[in-house]
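Note sheet for the following structure.
The values are calculated or read from the model by the stated rules, or taken from the named source; none is laboratory data. These numbers come from a predicted model, not from an experiment. All Cβ positions, even for glycine, are placed from backbone atoms using ideal geometry, and neighbour counts span all protein chains on display.
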2 protein chains.
Amino acid sequence: MGSPSAMQMLIKTFHKYSGKEGDKYTLSRGELKELLLEELGSYLGSSKDNEAVEKVMNDLDANNDGEVDFTEFIILMGALTVACNDFFLEYKTDEKPKDGESAQKKD
Amino acid sequence: MGSPSAMQMLIKTFHKYSGKEGDKYTLSRGELKELLLEELGSYLGSSKDNEAVEKVMNDLDANNDGEVDFTEFIILMGALTVACNDFFLEYKTDEKPKDGESAQKKD
(Lines give C-alpha, C1' and ligand atoms only; values in the text may rest on other atoms or scores of the structure.)
Protein backbone atom coordinates (compact mmCIF):
# COMPACT_ATOMS: atom_id res chain seq x y z
CA MET A 1 0.00 0.00 0.00
CA GLY A 2 1.12 3.63 0.11
CA SER A 3 1.75 6.32 -2.47
CA PRO A 4 1.17 4.25 -5.66
CA SER A 5 -2.29 3.17 -4.51
CA ALA A 6 -3.04 6.74 -3.42
CA MET A 7 -2.23 7.87 -6.97
CA GLN A 8 -4.37 5.12 -8.50
CA MET A 9 -7.24 6.01 -6.17
CA LEU A 10 -7.14 9.65 -7.27
CA ILE A 11 -7.18 8.60 -10.94
CA LYS A 12 -10.09 6.20 -10.36
CA THR A 13 -12.10 8.76 -8.40
CA PHE A 14 -11.69 11.40 -11.12
CA HIS A 15 -12.74 9.04 -13.92
CA LYS A 16 -15.65 7.67 -11.87
CA TYR A 17 -17.28 11.11 -12.14
CA SER A 18 -15.77 12.61 -15.32
CA GLY A 19 -17.11 9.75 -17.43
CA LYS A 20 -20.73 10.43 -16.62
CA GLU A 21 -21.61 13.15 -19.12
CA GLY A 22 -20.08 15.24 -21.92
CA ASP A 23 -16.30 15.05 -22.26
CA LYS A 24 -15.26 11.82 -20.58
CA TYR A 25 -11.94 13.32 -19.48
CA THR A 26 -13.14 16.47 -17.73
CA LEU A 27 -15.54 17.25 -14.87
CA SER A 28 -18.56 19.36 -15.70
CA ARG A 29 -20.07 21.49 -12.92
CA GLY A 30 -22.61 18.77 -12.21
CA GLU A 31 -19.97 16.03 -12.09
CA LEU A 32 -17.72 18.16 -9.86
CA LYS A 33 -20.60 18.85 -7.47
CA GLU A 34 -21.38 15.13 -7.24
CA LEU A 35 -17.69 14.32 -6.58
CA LEU A 36 -17.42 17.02 -3.91
CA LEU A 37 -20.58 15.93 -2.11
CA GLU A 38 -19.95 12.20 -2.25
CA GLU A 39 -16.18 12.06 -1.80
CA LEU A 40 -15.22 15.21 0.07
CA GLY A 41 -18.45 16.39 1.74
CA SER A 42 -16.92 16.10 5.21
CA TYR A 43 -13.85 18.10 4.16
CA LEU A 44 -15.65 20.93 2.41
CA GLY A 45 -18.14 21.59 5.20
CA SER A 46 -21.00 23.45 3.60
CA SER A 47 -20.37 21.93 0.17
CA LYS A 48 -24.07 21.10 0.20
CA ASP A 49 -24.90 24.59 -1.04
CA ASN A 50 -24.22 25.67 -4.58
CA GLU A 51 -22.15 28.65 -3.50
CA ALA A 52 -19.35 26.48 -2.10
CA VAL A 53 -19.33 24.32 -5.24
CA GLU A 54 -19.36 27.42 -7.48
CA LYS A 55 -16.38 28.84 -5.60
CA VAL A 56 -14.41 25.57 -5.86
CA MET A 57 -15.35 25.32 -9.56
CA ASN A 58 -14.17 28.87 -10.33
CA ASP A 59 -10.98 28.43 -8.30
CA LEU A 60 -10.25 25.11 -10.06
CA ASP A 61 -11.20 26.07 -13.59
CA ALA A 62 -7.84 27.72 -14.22
CA ASN A 63 -8.31 27.88 -18.01
CA ASN A 64 -11.95 29.03 -17.72
CA ASP A 65 -13.41 26.46 -20.09
CA GLY A 66 -16.22 25.61 -17.68
CA GLU A 67 -14.73 22.18 -17.16
CA VAL A 68 -12.20 20.83 -14.62
CA ASP A 69 -9.50 18.65 -16.13
CA PHE A 70 -7.36 16.10 -14.31
CA THR A 71 -4.47 18.49 -13.59
CA GLU A 72 -6.86 21.07 -12.10
CA PHE A 73 -8.42 18.31 -9.97
CA ILE A 74 -4.99 17.19 -8.70
CA ILE A 75 -4.19 20.80 -7.71
CA LEU A 76 -7.36 20.79 -5.55
CA MET A 77 -6.48 17.44 -3.99
CA GLY A 78 -2.92 18.60 -3.33
CA ALA A 79 -4.12 21.76 -1.60
CA LEU A 80 -6.63 19.80 0.52
CA THR A 81 -3.94 17.25 1.45
CA VAL A 82 -1.51 19.99 2.55
CA ALA A 83 -4.34 21.58 4.59
CA CYS A 84 -5.07 18.20 6.20
CA ASN A 85 -1.39 17.68 7.00
CA ASP A 86 -1.17 21.14 8.60
CA PHE A 87 -4.26 20.33 10.68
CA PHE A 88 -2.73 16.96 11.65
CA LEU A 89 0.51 18.68 12.77
CA GLU A 90 -1.34 21.37 14.76
CA TYR A 91 -3.41 18.66 16.47
CA LYS A 92 -0.25 16.60 17.25
CA THR A 93 1.63 19.61 18.62
CA ASP A 94 -1.26 20.60 20.94
CA GLU A 95 -1.56 17.03 22.19
CA LYS A 96 1.98 16.83 23.61
CA PRO A 97 2.48 17.96 27.26
CA LYS A 98 4.23 21.34 27.18
CA ASP A 99 7.44 20.06 28.88
CA GLY A 100 7.55 17.01 26.56
CA GLU A 101 9.61 16.74 23.37
CA SER A 102 8.61 19.80 21.43
CA ALA A 103 7.75 19.29 17.73
CA GLN A 104 10.64 20.53 15.59
CA LYS A 105 8.12 22.42 13.41
CA LYS A 106 9.52 25.53 11.84
CA ASP A 107 7.21 28.50 12.73
CA MET B 1 -12.69 4.50 -0.08
CA GLY B 2 -11.65 7.21 -2.53
CA SER B 3 -10.06 10.62 -2.34
CA PRO B 4 -10.05 11.08 1.48
CA SER B 5 -8.14 7.82 2.00
CA ALA B 6 -5.78 8.73 -0.84
CA MET B 7 -5.03 11.98 1.01
CA GLN B 8 -4.54 10.15 4.32
CA MET B 9 -2.25 7.63 2.62
CA LEU B 10 -0.04 10.38 1.23
CA ILE B 11 0.20 12.00 4.69
CA LYS B 12 1.05 8.67 6.33
CA THR B 13 3.65 7.77 3.72
CA PHE B 14 5.42 11.12 4.11
CA HIS B 15 5.55 10.91 7.92
CA LYS B 16 6.64 7.26 7.82
CA TYR B 17 9.94 8.43 6.30
CA SER B 18 10.28 12.05 7.49
CA GLY B 19 10.19 10.98 11.13
CA LYS B 20 13.29 8.81 10.89
CA GLU B 21 16.08 11.35 11.34
CA GLY B 22 16.66 15.09 11.87
CA ASP B 23 13.62 17.34 11.42
CA LYS B 24 10.61 15.08 11.86
CA TYR B 25 8.56 17.13 9.40
CA THR B 26 10.89 17.15 6.39
CA LEU B 27 12.61 14.50 4.28
CA SER B 28 16.40 14.48 4.28
CA ARG B 29 18.18 13.14 1.18
CA GLY B 30 18.52 9.75 2.86
CA GLU B 31 14.84 9.64 3.86
CA LEU B 32 13.75 10.74 0.37
CA LYS B 33 15.90 8.05 -1.25
CA GLU B 34 14.39 5.39 1.01
CA LEU B 35 10.86 6.62 0.19
CA LEU B 36 11.57 6.66 -3.56
CA LEU B 37 13.08 3.17 -3.58
CA GLU B 38 10.51 1.54 -1.33
CA GLU B 39 7.33 3.31 -2.43
CA LEU B 40 7.92 4.48 -5.97
CA GLY B 41 10.79 2.33 -7.27
CA SER B 42 8.66 0.91 -10.06
CA TYR B 43 7.55 4.39 -11.16
CA LEU B 44 10.96 6.03 -11.17
CA GLY B 45 12.69 3.30 -13.16
CA SER B 46 16.38 3.69 -12.42
CA SER B 47 15.80 5.28 -9.03
CA LYS B 48 18.26 2.71 -7.72
CA ASP B 49 21.17 4.95 -8.69
CA ASN B 50 22.01 8.08 -6.78
CA GLU B 51 21.82 10.26 -9.85
CA ALA B 52 18.06 9.78 -10.25
CA VAL B 53 17.50 10.48 -6.54
CA GLU B 54 19.76 13.56 -6.70
CA LYS B 55 17.78 14.88 -9.66
CA VAL B 56 14.44 14.32 -7.92
CA MET B 57 15.85 15.90 -4.73
CA ASN B 58 17.08 19.01 -6.55
CA ASP B 59 13.84 19.34 -8.53
CA LEU B 60 11.79 18.95 -5.34
CA ASP B 61 13.85 21.10 -3.01
CA ALA B 62 12.24 24.31 -4.28
CA ASN B 63 13.53 26.44 -1.38
CA ASN B 64 17.02 24.85 -1.50
CA ASP B 65 17.24 24.04 2.19
CA GLY B 66 18.49 20.50 1.49
CA GLU B 67 15.26 19.10 2.84
CA VAL B 68 11.92 18.24 1.16
CA ASP B 69 8.87 19.47 3.06
CA PHE B 70 5.32 18.15 2.74
CA THR B 71 4.23 20.67 0.11
CA GLU B 72 7.25 19.86 -2.07
CA PHE B 73 6.47 16.13 -1.67
CA ILE B 74 2.82 16.68 -2.73
CA ILE B 75 4.01 18.53 -5.85
CA LEU B 76 6.04 15.43 -6.80
CA MET B 77 3.11 13.11 -6.14
CA GLY B 78 0.79 15.39 -8.14
CA ALA B 79 3.17 15.42 -11.11
CA LEU B 80 3.57 11.61 -10.99
CA THR B 81 -0.22 11.15 -10.74
CA VAL B 82 -0.83 13.39 -13.78
CA ALA B 83 1.87 11.44 -15.69
CA CYS B 84 0.19 8.15 -14.70
CA ASN B 85 -3.20 9.46 -15.81
CA ASP B 86 -1.77 10.55 -19.18
CA PHE B 87 -0.23 7.10 -19.59
CA PHE B 88 -3.56 5.50 -18.64
CA LEU B 89 -5.40 7.59 -21.26
CA GLU B 90 -2.82 6.85 -23.98
CA TYR B 91 -3.11 3.14 -23.20
CA LYS B 92 -6.94 3.30 -23.28
CA THR B 93 -6.99 5.19 -26.59
CA ASP B 94 -4.63 2.70 -28.27
CA GLU B 95 -6.71 -0.22 -27.02
CA LYS B 96 -9.91 0.83 -28.81
CA PRO B 97 -10.45 -0.46 -32.40
CA LYS B 98 -9.86 2.48 -34.78
CA ASP B 99 -13.48 2.55 -36.10
CA GLY B 100 -14.85 2.29 -32.52
CA GLU B 101 -15.97 5.21 -30.40
CA SER B 102 -13.02 7.59 -30.44
CA ALA B 103 -11.90 8.94 -27.05
CA GLN B 104 -13.00 12.57 -26.72
CA LYS B 105 -9.48 13.55 -25.65
CA LYS B 106 -8.44 17.04 -26.60
CA ASP B 107 -5.13 16.91 -28.52
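Some points to look at:
- Every residue from the stretch A:2-33 that is more than 7 Å from chain B (Cβ to nearest Cβ) and part of a loop (DSSP other than H, G, I, E, B): A:G19, A:K20, A:E21, A:G22, A:T26, A:S28
- Unique match (being modelled with pLDDT of 90 or more and more than 12 Å from the chain's Cα centre (by Cα)) among A:K33, A:K55, A:K24: A:K24
- Qualifying residue in the stretch A:62-70 (condition: at pLDDT 80 or above, aliphatic (A, V, I, L, M) and surrounded by 12 or more Cβ atoms within 10 Å (Cβ to Cβ)): yes
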